[in-house]
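Just below is one structure, and these are the notes that go with it.
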Amino acid sequence: MNYSENISLLPYNSFGIEAYARYFVRFSTLAALTESLDHIRSQGQRPALILGGGSNLLLTGNIHGWVLKNEIRGMQLESEDETYYYVRCQAGENWHAFVQFCIHRDYAGLENLSLIPGNTGAS
């Protein structure tokens, strides 16, 4: 697990508020998330925040614990029927990219949700 200390969260929140994370780690697989959580728990700590796209996240000060940045990506059609498309989308995907994924494949219904900031998962 590669983690950093005293990292600015300015690029990770849509309000552009300057705040710092005492510890910061990115994860792009479930295995990396599990490894990070195991490491944090082994120190008797808990994550303070699991961060996605950072939209509508209002930071009011520094975070004195762990911030885990979700970067798990992947989108795929799971199944479809006469009425719906069932798409699996990982929580680290950008929301607008997900909408574009659906539009380019003619999976109708999300067009009016384009350009909403953030990720498909956690804040």
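The values are calculated or read from the model by the stated rules, or taken from the named source; none is laboratory data. Quick caveat: nothing in here was measured; it's all calculated off a predicted structure. Virtual Cβ from ideal backbone geometry, glycine too; neighbours counted across all protein chains shown. We work out accessible area using only protein heavy atoms, side chains counted, and drop any ligands, DNA or RNA first. Shrake-Rupley method; radii C 1.70, N 1.55, O 1.52, S 1.80 Å.
Annotations
- Over segment 63-123, the pair-distance histogram of Cα-Cα distances with 10 Å bins from zero comes to 21, 48, 21, 8, 2, 0 percent, rounded to whole numbers.
- Computed from label points 7 Å out along Cα-Cβ, the spacing between E80 and T29 is 3.1 nm.
- Using θ = phi - 60° in the Karplus curve 6.51 cos²θ - 1.76 cosθ + 1.60, the 3J(HN,Hα) couplings for segment 33-38 round to 4, 4, 4, 5, 5, 4 Hz; x is entered for Gly and Pro.
- Computed [θ] at 222 nm, deg cm²/dmol, the chain (DSSP H ≥ 4; -39,500 (n - 2.57); rounded to nearest 500): -5500 deg cm²/dmol
- Multiplying each eigenvalue of the alpha-carbon gyration tensor of the chain by 5 and taking the square root yields semi-axes of 31, 18, 9 Å, largest first, rounded to whole angstroms.
- The packing ranking of peptides 23-33, 109-119, highest mean first, is 23-33, 109-119, where packing means the average number of other beta carbon atoms within 10 angstrom of each residue.
- A probe of 1.4 angstrom, applied to the heavy atoms of all protein chains, finds D81 with accessible area near 60 square angstrom.
- Placing unit charges on each Cβ (+1 for Lys and Arg, -1 for Asp and Glu) gives the chain a dipole about its Cα centre, and among A19, M75, F101 the Cα reaching farthest toward its positive end belongs to A19.
- Ranked from largest to smallest solvent-accessible area, with a 1.4 Å probe on the protein heavy atoms, T83, T60, T120 come out as T60, T83, T120.
- The largest accessible area among R41, R22 belongs to the first residue in R41, R22, and the rest follow in falling order (1.4 Å probe, all chains).
- Point-to-point label distance, Y3-A91, nm (Cα→Cβ direction, 7 Å offset): 1.8 nm
- Size of electric dipole in the chain: Cβ of Lys, Arg +1 and of Asp, Glu -1, about Cα centre, debye, nearest 20: 580 debye
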